Amino acid sequence: MIKLKGIIFDLDGTLVTSSLDFSLIRQQINCPEQLDVLAFVDTLTCVKTKAHANNVIAWHEQQDALSAQALPGMTDLFDALEKAQLPSAIVTRNSQNASALKVSNNRIPIQLVLTREDYPPKPAPDALLAIASLWQLEPQSILYVGDYLYDIQAAFNAGMQSCFINHGRESAYQAQADLVITHLDELTALLNSLENN
């Protein structure tokens, strides 16, 4: 692994739990099963239909935000990040409102949170590259941590290292990631080992 100088995290399924039912959301906005929800909404040309779809998604995200819980090991991970003095940020496909609620309710000590309202959603690399530029770091010195294919793709598209958290459930695409972990504790151990080197 290239020397690590910063870490960016996905939010849902990476730092906090999420119970978003994408099948139900697709059903309610008439999105075909094989299509990405946000990409589908982007193609809608009728203003009223698009507004309805966005409202449906926002309602589901808000409900999910109210019940989201910090994943085990999150607090220890941020303690290790602070000791290692590495900058950290969040890039999520979530909305600003839902993201802010999750960050606040779960006491996530990250100030820099970019959502789909800030930049094109993952797997687009725009948000990741914006953070690299802000931090004045080469993208390859930053690790992006997530739990879905889009996270691995976004990291690749940005020229960053990728860490995939699978929560003990192997995925067909996890081999595309530079690093695969089952629990946040493994990332904490990695940070502690970097600090001791």
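The values are calculated or read from the model by the stated rules, or taken from the named source; none is laboratory data. Everything numeric in this text was worked out from a predicted model, so none of it was measured. Reconstructed Cβ throughout: ideal geometry from the backbone, glycine too, with neighbour counts over all protein chains shown. Heads up: the accessible areas ignore ligands, DNA and RNA and are worked out on the full protein's heavy atoms, side chains in. Shrake-Rupley method; radii C 1.70, N 1.55, O 1.52, S 1.80 Å.
Can you find, within the range 123-137, the residue that is nearest to ALA58 (Cα to Cα) among those that are in contact (Cβ under 8 Å) with a residue 40 or more places away in the chain and open to solvent by 10 Å² or more (accessible area, probe 1.4 Å)?
The extreme case among them is TRP135.
Looking at GLN153 and the list (1) within 20 Å of GLU82 (Cβ to Cβ); (2) open to solvent by 30 Å² or more (accessible area, probe 1.4 Å); (3) part of a helix (DSSP H, G or I), which single condition is not satisfied?
(1)
Select from the range 168-197 the residues that are touching a residue at least 24 places away in the same chain (Cβ under 8 Å) and under 18 Å from the mean Cα position of the chain (by Cα) and list them in ascending order.
TYR173, GLN176, ALA177, ASP178, LEU179, HIS183, LEU184, ASP185, LEU187, THR188
Say whether the condition of being of a type in the set (A, V, I, L, M), surrounded by 16 or more Cβ atoms within 10 Å (Cβ to Cβ) and assigned to a loop (DSSP other than H, G, I, E, B) is met by at least one residue in the range 12-28.
Residues of the range 12-28 that are of a type in the set (A, V, I, L, M), as a first pass: 15-16, 20, 24-25.
Those still in the list that are surrounded by 16 or more Cβ atoms within 10 Å (Cβ to Cβ) too: 15-16, 20, 25.
When the remaining residues are screened for being assigned to a loop (DSSP other than H, G, I, E, B), the result is 15, 20.
Checked the range 12-28: at least one residue is of a type in the set (A, V, I, L, M), surrounded by 16 or more Cβ atoms within 10 Å (Cβ to Cβ) and assigned to a loop (DSSP other than H, G, I, E, B).
Just need a number here: residues in the range 81-94 that are among the small types (Gly, Ala, Ser) and modelled with pLDDT of 95 or more. Walk me through it before giving the result.
Within the range 81-94, the first condition is being among the small types (Gly, Ala, Ser), and the residues that meet it are 84, 88-89.
Now drop any that are not modelled with pLDDT of 95 or more, which leaves 88-89.
Of the residues in the range 81-94, 2 are among the small types (Gly, Ala, Ser) and modelled with pLDDT of 95 or more.
Any idea which residue in the range 41-53 is nearest to the chain's Cα centre (by Cα), counting only those that are part of a helix (DSSP H, G or I) and buried (at least 17 other Cβ atoms within 10 Å of the Cβ)?
Looking at the filtered set, the residue picked out is VAL41.
Just the residues that are open to solvent by less than 30 Å² (accessible area, probe 1.4 Å), in a loop (DSSP other than H, G, I, E, B) and closer than 19 Å to THR188 by Cβ, please, taken from the range 87-118.
Matches in the range 87-118: ASN106, ILE108, ILE110.
Of all the residues that make up the range 156-197, how many are open to solvent by 50 Å² or more (accessible area, probe 1.4 Å), farther than 19 Å from ALA124 by Cα and either part of a strand (DSSP E or B) or acidic (Asp, Glu) (or both)?
Within the range 156-197, residues that are open to solvent by 50 Å² or more (accessible area, probe 1.4 Å), farther than 19 Å from ALA124 by Cα and either part of a strand (DSSP E or B) or acidic (Asp, Glu) (or both) number 5.
Scan the range 10-46 residue by residue and report those that are of a type in the set (S, T, N, Q), within 24 Å of CYS163 (Cα to Cα) and in contact with a helix residue (DSSP H, G or I) (Cβ under 7 Å, 6 or more places away or on another chain).
SER18, SER19
Mind checking which pairs have a first residue in the range 39-65 that is within 15 Å of GLN27 (Cβ to Cβ) and a second that is open to solvent by less than 70 Å² (accessible area, probe 1.4 Å) and not in a helix (DSSP H, G or I), Cβ under 8 Å, 6 or more apart or different chains?
Sorted first by the residue in the range 39-65, then by its partner, the pairs are PHE40/CYS31; PHE40/PRO32; VAL41/CYS31; ALA53/CYS31; ALA53/LEU44; ILE57/SER95; HIS60/LEU20.
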